1. Please tell me if ASP47 is touching a helix residue (DSSP H, G or I) at 6+ places or on another chain (Cβ under 8 Å), among the charged types (D, E, K, R) and not in a loop (DSSP other than H, G, I, E, B).
2. Would you pick out the residues in the stretch 104-113 that are more than 15 Å from the chain's Cα centre (by Cα), of a type outside the set (Lys, Arg), surrounded by 13 or more Cβ atoms within 10 Å (Cβ to Cβ) and part of a helix (DSSP H, G or I)?
3. Residues that are closer than 25 Å to GLN101 by Cβ, in contact with a Leu (Cβ under 9 Å, 6 or more places away or on another chain) and crowded, with 22+ Cβ neighbours inside 10 Å: does the stretch 167-187 have at least one?
4. Select, from GLU70, GLU21, the only residue that is modelled with pLDDT of 95 or more, surrounded by fewer than 15 Cβ atoms within 10 Å (Cβ to Cβ) and part of a helix (DSSP H, G or I).
5. Starting from residues that are of a type in the set (A, V, I, L, M, F, W, C) and either surrounded by fewer than 20 Cβ atoms within 10 Å (Cβ to Cβ) or out of contact with any helix residue (DSSP H, G or I) (no Cβ under 8 Å at 6 or more places or on another chain) (or both), keep the ones in the stretch 198-232 and report whichever is farthest from LEU148 (Cα to Cα).
6. Output the residue which, of all residues in the stretch 1-18 that are at pLDDT 95 or above and in a loop (DSSP other than H, G, I, E, B), is surrounded by the fewest Cβ atoms within 10 Å (Cβ to Cβ).
7. If I ask for residues that are farther than 15 Å from TRP10 by Cα and part of a helix (DSSP H, G or I), which ones from the stretch 85-103 would you list?
8. Do we find that GLU78 is surrounded by fewer than 19 Cβ atoms within 10 Å (Cβ to Cβ) and either in contact with a Ser or Thr (Cβ under 7 Å, 6 or more places away or on another chain) or at pLDDT below 95 (or both) in this structure?
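The values are calculated or read from the model by the stated rules, or taken from the named source; none is laboratory data. Only a predicted model underlies this, so the values are computations on that prediction, with no experimental measurement involved. As a convention, Cβ positions derive from the backbone with ideal geometry for all residues, glycine included, and neighbour counts pool all protein chains shown.
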Amino acid sequence: MRKIVIAGNWKMFKTQAESLEFLQGFMPSLEHTPEDREVVLCVPYTDLYQLSKNLHGSRIQLGAQNVHWEDSGAYTGEISGEMLAEIGTRYVIVGHSERRQYFGETNETVNKRLLAAQKYALTPILCVGETKQQRDVGEIESTVTKQLKQGLVGVDQENLVIAYEPIWAIGTGDTCEAVEANRVIGLIRSQLSNPKVSIQYGGSVKPNNIDEIMAQPEIDGALVGGASLEPDSFAQLVNYK
């Protein structure tokens, strides 16, 4: 049985005070959330320790947004798997398209980060997906397959979540049609050695489309950006019907 994982990616939003305010509004909504759903908040580094102290005994798992491949060293602005694990982090996003687009992330560095996360028992959420240009010229399958082939070298697929995020749908309001997302996620699954890997959809996921997305047989959850920033909207997502 594949696990359902609904993860919020706060990106570069929310101070520590704002993160605690979010929790106060969000936590009550989990009382009726089905037990088979994993709820994850992937937050800025400065929020991790504060949230870790306030999540004990709750349904929410703590996630980070990146991890470096070395345990320590002269890597200004980076954070290690050991540092994340020490404060109770359970998940970490790796290879998000914004990291690839703005900060020079490659399939090779994504692979190194995945291995580093697993070294410290963190569950990486590997992001893959195509640009609008790649989709328009028919390179969806080849792009995603290459990201998987190069990114997953040596990676333990027993401790892994994958997020299919078509780059053209992230933060644009354009959502990939649910049936098409299901098709691509089926393609992703066919490339894996472990068929039980949970595969999320990400890209303008909102309360008004979550039910249709989650009705698809290949989709095991969602990686949510903007709609995870407000307690009410994220509550509607984790409690989809």
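1. Values: touching a helix residue (DSSP H, G or I) at 6+ places or on another chain (Cβ under 8 Å): yes; among the charged types (D, E, K, R): yes; not in a loop (DSSP other than H, G, I, E, B): yes.
Taking the combined requirement at face value, the residue satisfies it.
2. ASN107, THR109, ASN111
3. no
4. Numbers: GLU70 fails: part of a helix (DSSP H, G or I).
Just a single option satisfies the conditions, and that option is GLU21.
5. Of the stretch 198-232, the ones of a type in the set (A, V, I, L, M, F, W, C) are 199, 205, 210, 213-215, 219, 222-224, 227, 229.
Pick out the ones that are also either surrounded by fewer than 20 Cβ atoms within 10 Å (Cβ to Cβ) or out of contact with any helix residue (DSSP H, G or I) (no Cβ under 8 Å at 6 or more places or on another chain) (or both) and you get 214-215, 223, 229.
Details: MET214: 23, ALA215: 25, LEU223: 18, LEU229: 29 Å.
Across the stretch 198-232, the extreme among qualifying residues is LEU229.
6. Kept after step one, since they are at pLDDT 95 or above, are these residues of the stretch 1-18: 2-18.
Retained after the next criterion (residues that are in a loop (DSSP other than H, G, I, E, B)): 2-3, 10-15.
Numbers: ARG2: 15, LYS3: 14, TRP10: 21, LYS11: 18, MET12: 7, PHE13: 16, LYS14: 19, THR15: 12.
Out of the qualifying residues, it is MET12.
7. Those that are farther than 15 Å from TRP10 by Cα and part of a helix (DSSP H, G or I): ALA85, GLU86, ARG100, GLN101, TYR102.
8. On the way: surrounded by fewer than 19 Cβ atoms within 10 Å (Cβ to Cβ): yes; either in contact with a Ser or Thr (Cβ under 7 Å, 6 or more places away or on another chain) or at pLDDT below 95 (or both): no.
No, not satisfied.
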